[in-house]
Each structure stands twice: as structure tokens, then as C-alpha cells.
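Each remark here refers to the structure printed beneath this line.
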Amino acid sequence: MKELLSLRGLIALFLLVVIGVGIFSAVGKIPFGQPDSEVGSAYLEDGRQETGAANTVTSVVVGYRALDTLGEVAVLFIAATGLSTILATSKKRIDRKLEDASLVLKTGCRVFFPMILLFGAYLFIHGHLTPGGGFQGGAVIGSAFLLTYLGCSGRRVSRTASRSLESLSGFGFVFLGLIGLMVGESYFLSNFLPKGELYSLLSAGIFPLIYILIGLKVGAEFAGVIDSMIEESR
Amino acid sequence: MIIIATVTVFFMLGAALSVFFFKDLMNAVVASSLVSLTATVLFYLLQAPDVAMAEAAIGVALVTGIFVVAIRRTERYEK
């Protein structure tokens, strides 16, 4: 047994060294803090004028690379669906008695839950103005639900609500893209709404709409994942 | 700034090494979330607040929560 363990350790060490050498040879020669591609500086220089979003990261994520974002959202959707499918079909259920959460955790989850939700909503509504966006806001909303499941046990997310919110917002994302294909500059997910004034809330065309949809979708997905991790496999 | 970054990096390395040595897996999970927390500080210092937010929400909160749930399902102490 011990020999096997040490063999496993050696293999793991070897793999770590291989990964380390690979990463170093790939990115080790890039000088630190110096832009190496012209695409990046083009985004930094023209991004604000072209898209109307004050946050350049947003103009890349939902503007220039919107199709990649759709792919990311699809990957997350597949992962969440697969997890809930695997956990729902497993027959083995152990009923364990849970310890009651402490008073601090119980009160904390009641006090902080609405605040964290509000912060998550702020992150994705203001994604085109300040740092943050749909994924960050959705993850913050998911962590609010995690706090609820840890602290206020007994409260659950409605399965149908999270599923339908997730599907509707995903559908809305693709639908916005299709509208852009029809009206705007005739490519998928083109920015067909007026750009508005830089730094104002209603600016950057469809970016706030897309980020609100992504935020709702990611938040509902994380809430569903946490629900199936904690409740279904109990 | 370079001093704060250096201190953060050493803190991160210490947390990452302590994950390896803890026998109580709950301590190891908390130490690994400390690695994410220091990574958040580093991202912020490198002027990437978007990435820092994603790391804070996913790396510190959600991954830690999922590991805690997994430990509750399995065993707490490493043999």
C-alpha cells in the first residue's frame, strides 16, 4: 500500500514538473506588464468610442467577443444540468442529522442575504460602467444562496423558478443576438441599440441587457447547483 | 505596492504549503480559500478588478462551500 502511495506521489510530482515547465516555456518569456499584441492596444484605444461602454473589459466580453461569452454560458448550463442529473439519479440517500447553525450564522444569513443579492444585482446592472458584470454578479448571487443554505437551513430555492429563470434568460440572450442579426449591422449579437452617452447608465446599447440576462442566468444556475449539491444528495 | 505584492505572494505560498500538511481537511479547505483570497488581492494590485471580483466570488465563496459540502458527505480526516 505504501509503495503504491509513493508511486502515486512520484507520478503526481512528475506531472507537476511537466505542467510547470510547460507553463513556464509558454508564458515565461513574455515581458511582465508589456502588451505583446496589437489587438489589446486596439481595444484599449478604440473600445470606448466603438461600443460606448466605459468599462473596456465589458466591451470585449459582450461586444467584440460576444459569441465566446455565449459559448461560456452554454458550458456553464451543460455543467449545471449534468450535475443535477447525476445527483438526482443516484439512489443512495443517507439521512444525516444536521447540526443546527449557530446564532451568529443564522442572524448573519438573515441580515446579509438581501444585501448580497443587492450587491450582485448592482454588479451586473452597472457592468458596462464599473468593474464587474454578469458572471461576477451571478456568482455573488450564488454565494448569497450558499449562505442561506448553510445558515437558514430549511429554506430552499424553488426548482421550477430557478430552471425557468435560467432557460428564459438564456433564450433572451440568443433572441437579442438574432434581433441584432436582423436589424443592426447584420451579424450575430451586433449592437443595434443607440450607444448613448458615455458613463451614463443607459449607454452602450444592448450591453446592459445582455449582462442582466447573463447575471440572472448564472445566479439561477449557481443556486440550482448549490441546491442539488446540498439537498438532493443529502 | 511592490512590498504589499511580495508579502501577499509569500502569504499565498505559505497558505498553499499548509494545505499540503493539514490532516484535518476542513483546515485544508480554509487554507485553500486563503490562497484564493490572496490571489484576489494580487489581481487587484495588478489592476484587474473584474478578475478579482470573479476570483473573490467563485474561488473564496463557492468553491469553499462546495468543498465543505463534499467533506460533510465523506470523511473529515486524512488517513
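Every read-out reported here was derived from the displayed coordinates using simple, explicitly stated rules and does not represent laboratory data. What you see is a predicted model; the values in this text were computed from it and never measured. Cβ atoms come from the backbone with ideal geometry, glycine included; neighbour counts cover every protein chain shown.
Descriptive notes on the structure:
- Residue-averaged [θ]222 nm for chain A, counting only DSSP H segments that reach four residues, each worth -39500 (n - 2.57): -22500 deg cm²/dmol
- Karplus-derived HN-Hα couplings along the stretch A:120-129 (A = 6.51, B = -1.76, C = 1.60, θ = phi - 60°), whole Hz, x at Gly and Pro: x, 5, 4, 4, 8, 6, 9, x, 8, 10
- Likely footprinting exposure, B:ASP50, A:ASP46, fewest C-beta neighbours within 10 Å first: A:ASP46, B:ASP50
- Gaussian network model of chain A, springs between alpha carbon atoms under 10 Å - residue of A:VAL21, A:VAL39, A:VAL57 with greatest fluctuation: A:VAL21
- Working note: Karplus 6.51/-1.76/1.60 with θ = phi - 60° gives the stretch A:157-174 the couplings 7, 5, 4, 5, 5, 5, 4, 6, 4, 4, 5, 5, 6, x, 4, x, 4, 5 Hz, where Gly and Pro are set to x.
- 0 to 90° range, to nearest 10: angle between helix B:2-21 axis and chain B longest Cα axis: 10 degrees
- Cross-link pairs A:LYS217/B:LYS23; A:LYS106/A:LYS217; A:LYS195/A:LYS217 - those with Cα-Cα distance over 31 Å: A:LYS217/B:LYS23
- Between A:CYS152, A:PHE135, A:SER162, the Cα set farthest toward the positive side of the dipole of the stretch A:79-199 (charges on each charged residue's Cβ, about the Cα centre) is that of A:CYS152.
- Here the residues A:LEU176, A:LEU16, A:LEU198, ranked from fewest to most Cβ neighbours within 10 Å of their Cβ, fall in the order A:LEU16, A:LEU198, A:LEU176.
- In the stretch A:158-234, GluC sites (Glu not before Pro) in a DSSP loop with at most 11 other beta-carbon atoms within 10 Å: A:GLU185, A:GLU197
- For the stretch B:42-78 versus the stretch A:7-76, the inter-centroid distance based on Cα atoms is 20 Å.
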